[in-house]
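The values are calculated or read from the model by the stated rules, or taken from the named source; none is laboratory data. Since we're looking at a predicted model, the values are computed, not measured. Here the Cβ is made from the backbone with ideal geometry for all residues, glycine too, and neighbour counts use every protein chain on show. Accessible surface is based on the protein model in full, side chains and every heavy atom, while ligands, DNA and RNA are left aside. Shrake-Rupley method; radii C 1.70, N 1.55, O 1.52, S 1.80 Å.
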Amino acid sequence: MSLAHALLGLIRYHPTTGYQLKDDFDHSIKIFWNATLPQIYRTLNQMESQCWLKAEIEIQKGKPNRKVYSITEEGLEELQRWLNEPLEKIEQKYSALVKVFFANKADPEKFSGHLEEFRNYYENLLNFYETDQAEIIRKASQDSRACLESEYWKLSADFGIRMAKMIVEWCDEALKIHNNLHEESK
């Protein structure tokens, strides 16, 4: 998936700024795709040059002016073209698992700490999905304009929840096995 297509999907809902897109991204798509503000702005500029977006300068009193992006017909056509392509296979590149693969040569205490940090990250992410993210989707489902779309949001959120739960469970098992192996080798 390209960042441009994710941004097209978000901008389709309403004209917005790059800063607001980052916030929208963090409260929706971040479950399965992350982007930094510089990446977003760089991509918005590319999309504008491809005529997928148009930008208008909004004059603000007492604040810097801001660029508000809206999707064009060409942008809607590109989003539709991309949506109609087959689903891409989920890439499986987990550098963390490469470290696990070779962990026998790691410092045992440090490796335990890394596993615990990894677990805590996904436990916090799971909490975000089940609370903040769920509340955003719940509110959207009550809006007649987004009710149907919120069902698809729930599907993608469910994937994130299941993945985070699996990783937390895996970390618990990995820590148990690692600690047992470390105790046996003493």
Whole angstrom only: what separates the Cα centroid of the range 86-113 from the Cα centroid of the range 149-176? 17 Å
E169 to E73: FRET efficiency via 1/(1 + (r/R0)^6), r the Cβ-Cβ distance, R0 41 Å, to the nearest 0.05? 0.30
Report, in debye and to the nearest 20, how large the dipole of the range 41-186 comes out about its Cα centre when Lys and Arg carry +1 and Asp and Glu carry -1 on their Cβ. 420 debye
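Of K154, K110, which has the most accessible area and how do the rest follow, probe 1.4 Å?
These residues rank, largest area first, as K110, K154.
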GNM, the chain, Cα, under 10 Å: largest mean-square fluctuation among V98, V168, V68? V98
Suppose we flag GluC sites (Glu not before Pro) only when DSSP calls them loop and at most 10 other Cβ atoms lie within 10 Å. Which is the longest uninterrupted stretch of the chain? 92-186
At 1.4 Å probe size, with no ligands or nucleic acids counted, give the accessible surface of W52 in Å², nearest ten. 40 Å²
Label-point separation (nm) for E58 and Q92, each offset 7 Å from Cα along Cα-to-Cβ? 4.4 nm
At a probe size of 1.4 Å, how large is the accessible area of R81, to the nearest 10 Å²? 110 Å²
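Could you put T72, T131 in order of accessible surface area, largest first, with the 1.4 Å probe and the full protein assembly present?
Working: T72 25, T131 60 Å².
Descending accessible area places them as T131, T72.
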Give me the three principal axis extents of the range 10-81 from the C-alpha atoms, as integers in angstrom, largest value leading. 40, 28, 20
As a test of understanding, state the convex hull volume per residue of the chain from its alpha carbons, in Å³. 161 Å³
Along the dipole axis of the range 115-186 (charges at Cβ: +1 for Lys and Arg, -1 for Asp and Glu; origin at the Cα centre), the most positive-end residue among S156, Q142, Y122 is Q142
